[in-house]
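Enquirer: Questions regarding the structure given below will be posed in turn.
Bear in mind these aren't lab numbers, they're just calculated from the coordinates by the rules spelled out. Worth saying up front: this structure is predicted, and the values here are computed from it rather than measured. Reconstructed Cβ throughout: ideal geometry from the backbone, glycine too, with neighbour counts over all protein chains shown.
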Amino acid sequence: MIEVLITIVILSFGLLGIASMLLNGMKLNNASYLRSVATQQAYDMGDRIRANSAGIVAGNYNAITYPAATTCTNCTSASCSVANLAASDACNWNKQNAALLPLGRGAVTRDGTDFIITVSWDNNKDGVVDANDYFVDSDNNNSNDASYSLRVQP
């Protein structure tokens, strides 16, 4: 009888360990998904920058920060100016970041001829994008937040 009780206790600890591994795996899977979305969003902005070469020359993409304007300009006609297209790109991109990532936000800075595109998000979903969202510094930007940085040379 005592052997059966010991076996049940050992089996219970094993099942708790398996449950813990499953939960941790699901959490890491979600973090991986969010990083994939951030990567896709960074490349999306890189494509937007490359598509507006006149906007690059005019410096319209040199300093894009979050938050973007709350209402984006509709820039689908041929009469849209280069600056309006860049503003529309920045606004729509940051709206997509916010929609696809928890507290998603994006920024673009210029470093010589390169553009550094950074997408960050609230990885631990505590309502703040900060050092507690640290997952892994895979983009080597010495940042302790959940972010992805991409260097683009148009």
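Enquirer: Specify which residue in the list 127, 51, 8 is farthest towards the positive end of the charge dipole of the chain, using unit charges on the beta carbon of Lys, Arg (+1) and Asp, Glu (-1), about the Cα centre.
Expert: 51
Enquirer: Would you calculate a helix-derived [θ] at 222 nm for the chain, using -39,500 (n - 2.57) for each DSSP H run of n ≥ 4 and dividing by the full residue count, to the nearest 500?
Expert: For the chain, the value works out to -17500 deg cm²/dmol.
Enquirer: May I pose another question? Once the dipole of the chain is set up with Lys and Arg at +1 and Asp and Glu at -1 on Cβ about the Cα centre, which of 102, 79, 148 lies farthest towards its positive end?
Expert: Farthest towards the positive end: 79.
Enquirer: Explain nothing, just the number: relative contact order of the chain, from Cα pairs under 8 Å at least 6 residues apart, as a whole percent.
Expert: 20
Enquirer: Can you tell me what percent of all Cα-Cα pairs in the chain are more than 21 Å apart?
Expert: 53
Enquirer: Using the Cα centre as the reference, give the magnitude of the dipole from point charges on the C-beta atoms of the range 1-94 (Lys, Arg: +1; Asp, Glu: -1; all else neutral), rounded to the nearest 20 debye.
Expert: The calculation lands at about 140 debye.
Enquirer: Quick one: which residues, 5+ away or cross-chain, put their amide H under 5 Å from the amide H of residue 122? H built at 1.01 Å from N.
Expert: Placed amide hydrogens put 103, 104 under 5 Å from residue 122.
Enquirer: Taking the chain as the reference, fit the longest principal axis to its C-alpha atoms, fit the long axis of helix 2-51 to the helix C-alpha atoms, and give the angle between the two in degrees, 0 to 90, nearest 10.
Expert: 10
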